[in-house]
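Asker: Take this structure, written in structure tokens, and hold onto it; I'll ask about it next.
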Amino acid sequence: MKDSVLTIRNLSVDYQIEAGRLQALRQVNIDVEKGAIVGVVGESGCGKSTLISSIIRLLPQNAIIRDGTVEFEGSNLLDLNDEEIRAMRGTKISVVFQDPMTSLNPVLSIQQQMMHIQYRDQNSRSEKLNKSLALLESVGIADPRTRISQFPHEYSGGMLQRISIAMALQAQPSLLIADEPTTALDATLEVQIIHLLKDIQSKVGCSVLFISHHLGVIAELCDSVVVMYAGEVVEHGTVRDVFHNPAHPYTRKLLECDPAGIQTKTRMLPVIPGEIPNLVNLSDGCIFRSRCQSALPICEMHVPRKHEITSTHSAKCHQLTA
Amino acid sequence: MLPYILKRVGLGIIIVLLAVALLFCMIHLIPGDPARIVLGPRATPELIAAMSARLGLDLPFPVQIMRFFTNLLRGDLGMDVITNRPVVEIVIGQLPYTLWLIFCAIIFAGLIGIPLGCYSALHRNTLFDRISGVISVSFITTPAFVVALYALLIFAVALQWFPSVGAGDRGDWLDQAMHLVLPVFSIGLAWVGYLARLVRASMLEVMEESHIRTARAFGLSERRVIYHYALKLAILPTVSVIGVGMGYLLSAALLTEIVFSRPGIGKLIYDSVITRNYPVVMGSVLVSTILFVASTTMSDLVNAWLDPRTRSNL
């Protein structure tokens, strides 16, 4: 096995809300190997954002990390104190956020923001400026010298996402977390950004944790996939495993619902009936059972355990063991 | 930035001119002959006619308003009917007292209210936040003249820390400053509460925005995130409110100047209304209008300077 950059083990995160404890993540295991691109896919509310926030420790105040470890380059991120984790952010671990139009400060120029994030370096102002210009150039911003003094609202969404990527790569991190970086962009820009990410990843050599609900993008970009449902990892494997031989009913449904995979003309797009279950006061049993068409009696009683299909492919479903 | 400034200043001038025209019409619509009122009930018709001619009231209305505007452009606001001094001189003489009062009150409110709001927002739902919330609201709801009366009773009469009446000796800065303390406190107190609430609310809103998360995800220090990334945005609504607030403080200043017998525009308006001294009323209201428009324009310009989005929209 190759050495891992990020190893998440049994991560469980709750949110304390008025109705009780919302179990947003339950026993999540994810491995990101050195230089690999790992996709995390799942519908809204499945815990993707909580996952990212747990890694960089920017969870809301009402979040409680109940269990688990997040090993990153030999240290457990959950054990670090505030200063130690802050030293990791933006240097070892960088994040590209979802909506580029709102993820940069609207009243500070790109130059100011790019200079601020280099505050740890001992370089002079002009060296920092030159580095920023080079970064902008590397992500394809034309005429960076005049554009760098502009403000976020003077850029288009695609350009801002390029800038976000440039900023995230500023310190050559070992892990880049991309939180649905293309969701807010239109389809042509999406392709450009994906290519840019892949390109830069191969140059910098960092690992990427790529969060998306777009299956096509995951298939195009990633080496392996983690399928999440309602706060659990239900299936995990290489892109080939998961897309060609989906083992979990949820993954199969998800692939059926992908409009890109539909061959016949239809007026009704397929959907997965039902909703994500309420994660407050969870009862025992499989989390997907209420929406699963092939649920067995055992699914009501026990949480399915992880079943290894091959050495690279695993899923949590009673049907695999039954 | 320059086109924006020109545009805002031009707009300000138009607003002042319109407001003055409206004011002029309103004064003329009020029943009663100003000449008769000035001269009192026992004035002879000849005297009234002479006074009307002196004030230009015998001319047709359009001529009067034209004359008023041409005089205005020359900086001539007419003569005080009672002392026979130029109104401009009187108003300019009183203006600094009121300007200092309002200016100090806003500084006082800002220096206490803004940090208080920030601190409350960053320590949301703590005991401090709740107490400051209750205190802020009670400050807001207490009228300035009530605060003025109690401040006078407690700090001037009972404790004798500060002088009670007037504006202090001319040329003696310390004495003038001491005379400012209680009036500034009286009209600024409500604004302490108001600004604290406002800053708290906008700070809470900004801290939830996703660019704050980005700033933190880059490992920027919490100090920089709060004071550089959040406060610069959260302060924008406050700047606008202060601009309008300067105008409202003028009316608070009126009552406070009367309570403390301080000279100033408020006292001048009050006295000249009591004595039916229309040119002075007109002049002081005009100055108040200009002050109001100037302060809102200033706050717009400050906002544009702080917020590049406003700047490029115009």
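Computed from the coordinates by the stated procedures, all read-outs in this text should not be read as laboratory data. Quick caveat: nothing in here was measured; it's all calculated off a predicted structure. So basically every Cβ, Gly included, is an ideal-geometry build from the backbone, and we count neighbours across all protein chains shown.
Asker: What's the number of the only condition in (1) in a helix (DSSP H, G or I); (2) buried (at least 22 other Cβ atoms within 10 Å of the Cβ); (3) away from chain B (no Cβ under 11 Å) that residue A:70 fails to meet?
Answerer: So the condition that residue A:70 fails would be (1).
Asker: Then there is this: Can you tell which of B:42, B:36 is without any contact (Cβ under 8 Å) to a residue 60 or more places away in the chain, of a type outside the set (Asp, Glu) and loosely packed, with under 11 Cβ neighbours inside 10 Å?
Answerer: Matching residue, one of B:42, B:36: B:42.
Asker: Next up: Within the range A:163-172, is there a residue that is among the small types (Gly, Ala, Ser), under 30 Å from residue A:47 (Cβ atoms), assigned to a loop (DSSP other than H, G, I, E, B) and touching a Phe, Trp or Tyr at 6+ places or on another chain (Cβ under 6 Å)?
Answerer: no
Asker: Quick one: count up the residues across the range A:219-278 that are out of contact with any strand residue (DSSP E or B) (no Cβ under 7 Å at 6 or more places or on another chain), in a strand (DSSP E or B) and of a type in the set (A, V, I, L, M).
Answerer: 0
Asker: Taking the range A:89-107 only, how many residues are facing chain B (nearest Cβ under 7 Å) and buried (at least 17 other Cβ atoms within 10 Å of the Cβ)?
Answerer: Here the count works out to 11.
Asker: If I filter the range A:137-174 down to residues being in contact with a Lys or Arg (Cβ under 6 Å, 6 or more places away or on another chain) and within 14 Å of chain B (Cβ to nearest Cβ), which single residue comes out as surrounded by the most Cβ atoms within 10 Å (Cβ to Cβ)?
Answerer: It comes out as A:173.
Asker: Identify, from the list A:86, A:57, the residue that is within 14 Å of another protein chain (Cβ to nearest Cβ), among the basic types (Lys, Arg) and touching a helix residue (DSSP H, G or I) at 6+ places or on another chain (Cβ under 6 Å).
Answerer: A:57
Asker: Tally the residues that are within 10 Å of chain A (Cβ to nearest Cβ), in contact (Cβ under 8 Å) with a residue 12 or more places away in the chain and surrounded by fewer than 19 Cβ atoms within 10 Å (Cβ to Cβ), restricting the search to the range B:288-309.
Answerer: 1
Asker: A further question follows. Within the range A:279-309, how many residues turn out to be surrounded by fewer than 14 Cβ atoms within 10 Å (Cβ to Cβ) and within 22 Å of residue A:29 (Cβ to Cβ)?
Answerer: So the count comes out to 4.
Asker: Kindly provide the set of residues from the range B:213-242 that are basic (Lys, Arg), at the interface with another protein chain (Cβ under 8 Å from one of its Cβ atoms) and without any contact (Cβ under 8 Å) to a residue 12 or more places away in the chain, ordered by number.
Answerer: B:213, B:216, B:224
Asker: Go through the range B:76-159 and tell me which helices (runs of 4 or more DSSP H), entirely inside it, have 1 or more residues that are touching an Asp or Glu at 6+ places or on another chain (Cβ under 8 Å).
Answerer: Because the criterion is at least 1 residues that are touching an Asp or Glu at 6+ places or on another chain (Cβ under 8 Å), the helices (runs of 4 or more DSSP H) in the range B:76-159 that meet it are B:87-122.
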